[in-house]
Amino acid sequence: MPLRAASQRFGWYLALLQLFFTLCWTVYAIYLPRLAASAGIAPGAVILLLMLDQAIFTVCDFATGIAADKVTRVMGRLGIYVAAATAVSCVAFIALPFVASAGAPLLIAVTVLWTITSSALRAPPLMLLGKYAAKPAIPLLSSLAMLGYGIAGALGPYLAVTLRDTDPRLPFAVASIVLVLTTLGMITAERRLASAPPPAAKSPSPRAFGTMTTPVIVFALGMIVLALGYQMHFAIDSAPLFQRFAKPGELEWLMPVFWIGFNISMFPASAITKRLGGYTVMGGAGMIGALAIFGAHFAQGLGLLIVAQAAAGAAWGAILMSAFTVAFAIGENGGEGRMSGLLFSALAAATLARMAMVAAGINGNPALKTVLQWLPTLCWAIAGAALLYLAVKGVQRWATKAS
């Protein structure tokens, strides 16, 4: 099978995998308060369990990314190991509703096992995309991979309402079975992708990100700042912004607006990334997103707020898609897993920081209200400007060498 066709099939496969994995996490977050209550855990401690999950992801995502590089280098194939880890993860996930009544220690232990093994479905599958796919197609394929994440985000508010009164054992079992069956297909998908004939090597475009020698730490810090801006805006500010003009019962239809913009923007943004490079798109989308968040806070009606939210979601979609393109370019020729793991760890660290603010009550402190209101805008504007600067400097360095 030609590499282009194999890459596109693998991109669609990753979209399904990310969709089902993210829906598993959504089901977990919906039912965790009920499971915690069954285990005798105080309602106020539920946020601590969620923080523990994100802390584990922060460490394990990077570790599994490094391990994925080593496994593919030594063993040649990764899919069977990911499928085995997913099987363990799904068994633990199915067990959560059944062990909750046995007490907090067992519930926490099973949750930790599920979280650790779930890292196998975050960085390693994306690493295969960066390792084997044709390089010019990576922006588009990253869009496909993130499409499942965006669809799951849009379905989240609706599922929270639909599953509210459902016995958790059924959703946990269905989500796990679908996920493990999908993961089994990774063995065949990886074999097809790896066996496709690679394209002829050619010199990189002068505007391609791969020509820039930016330290990995700069990329990681930039991604953490951008992800923190997203977390603060969507998870904390979006619902109160909508409630200025809408009733609480309408939020399940309004919150997905962000994810609609996310899903729509990635594909045109991938074409721009292919021409101008990942840093340029990350920085430009960060600046546009900062303006969109600013507009959301000052919207004078529901219609304007919906437009601003869709624009903010579109910016985040462009940022995340181009971030994977950048990560694969930095880690090219053996470090794709390390860089995709670092990116997922950055996302988890930002989520952990947002949850820590909520747990500490910082978001409800009237003295910090103004600062927190502007934090997402500042995060995206500062990181966006810095990334655009690095993109310009990279092109200047290339021009100097060429002359």
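The values are calculated or read from the model by the stated rules, or taken from the named source; none is laboratory data. This structure is a prediction, so every number in the text was calculated from the model and none was measured. Neighbour counts are summed over all protein chains in view; Cβ atoms, including those assigned to glycine, are modelled from backbone coordinates with ideal geometry. For the accessible areas, the whole protein counts, side chains as well, though only heavy atoms, and no ligand, DNA or RNA atoms are used. Shrake-Rupley method; radii C 1.70, N 1.55, O 1.52, S 1.80 Å.
Please verify whether Ala285 is surrounded by 18 or more Cβ atoms within 10 Å (Cβ to Cβ), without any contact (Cβ under 8 Å) to a residue 24 or more places away in the chain, within 18 Å of Gly229 (Cα to Cα) and not acidic (Asp, Glu), treating the condition exactly as stated. Quick ask: steps written out before the conclusion?
Details: surrounded by 18 or more Cβ atoms within 10 Å (Cβ to Cβ): yes; without any contact (Cβ under 8 Å) to a residue 24 or more places away in the chain: no; within 18 Å of Gly229 (Cα to Cα): yes; not acidic (Asp, Glu): yes.
Taking the combined requirement at face value, the residue does not satisfy it.
Criterion first (in a helix (DSSP H, G or I), of a type in the set (A, V, I, L, M) and in contact (Cβ under 8 Å) with a residue 12 or more places away in the chain) does Leu304 satisfy it?
Numbers: in a helix (DSSP H, G or I): yes; of a type in the set (A, V, I, L, M): yes; in contact (Cβ under 8 Å) with a residue 12 or more places away in the chain: no.
So Leu304 does not fit the description; no.
Six or more apart or on different chains, Cβ under 8 Å: which pairs go from a residue in the stretch 239-256 that's crowded, with 16+ Cβ neighbours inside 10 Å to one that's acidic (Asp, Glu)? Could you list them?
As it stands, the answer is Phe242/Glu250, since those pairs meet every condition given.
May I ask you to list the residues in the stretch 260-272 that are within 14 Å of Leu144 (Cα to Cα) and crowded, with 18+ Cβ neighbours inside 10 Å? First the steps, then the outcome.
Of all residues in the stretch 260-272, those within 14 Å of Leu144 (Cα to Cα) come to 262-271.
Phe262, Asn263, Ser265, Met266, Ala269, Ser270 - these are the residues of the stretch 260-272 that are within 14 Å of Leu144 (Cα to Cα) and crowded, with 18+ Cβ neighbours inside 10 Å.
Output the residues belonging to the stretch 325-373 that are over 29 Å from Val46 (Cβ atoms), open to solvent by 50 Å² or more (accessible area, probe 1.4 Å) and part of a helix (DSSP H, G or I).
At the first step, the residues of the stretch 325-373 found to be over 29 Å from Val46 (Cβ atoms) are 325-340.
Restricting the remaining residues to those that are open to solvent by 50 Å² or more (accessible area, probe 1.4 Å) gives 332-333, 338.
Passing the criteria: only Arg338.
Which of the residues spanning the stretch 15-26 are open to solvent by less than 10 Å² (accessible area, probe 1.4 Å) and closer than 13 Å to Val174 by Cβ?
Passing the criteria: only Cys24.
Restricted to the stretch 27-36, and to residues that are out of contact with any Pro (no Cβ under 9 Å at 6 or more places or on another chain) and crowded, with 21+ Cβ neighbours inside 10 Å, which residue is nearest to Leu48 (Cα to Cα)? Break it down stepwise before answering.
At the first step, the residues of the stretch 27-36 found to be out of contact with any Pro (no Cβ under 9 Å at 6 or more places or on another chain) are 28-29, 32.
Those left that are additionally crowded, with 21+ Cβ neighbours inside 10 Å: 28, 32.
Working: Tyr28: 14, Leu32: 11 Å.
Once the filter is applied, the top-ranked residue is Leu32.
Output yes when any residue across the stretch 133-153 is closer than 15 Å to Phe10 by Cα and outside any helix (DSSP H, G or I), and no when none is.
Yes, that holds for at least one residue.
Conditions (1) under 30 Å from Thr162 (Cβ atoms); (2) of a type in the set (S, T, N, Q), marked per residue:
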{"site": "Gln8", "(1), (2)": "no, yes"}
{"site": "Thr22", "(1), (2)": "yes, yes"}
{"site": "Val27", "(1), (2)": "yes, no"}
{"site": "Ile41", "(1), (2)": "yes, no"}
{"site": "Phe57", "(1), (2)": "yes, no"}
{"site": "Gly79", "(1), (2)": "no, no"}
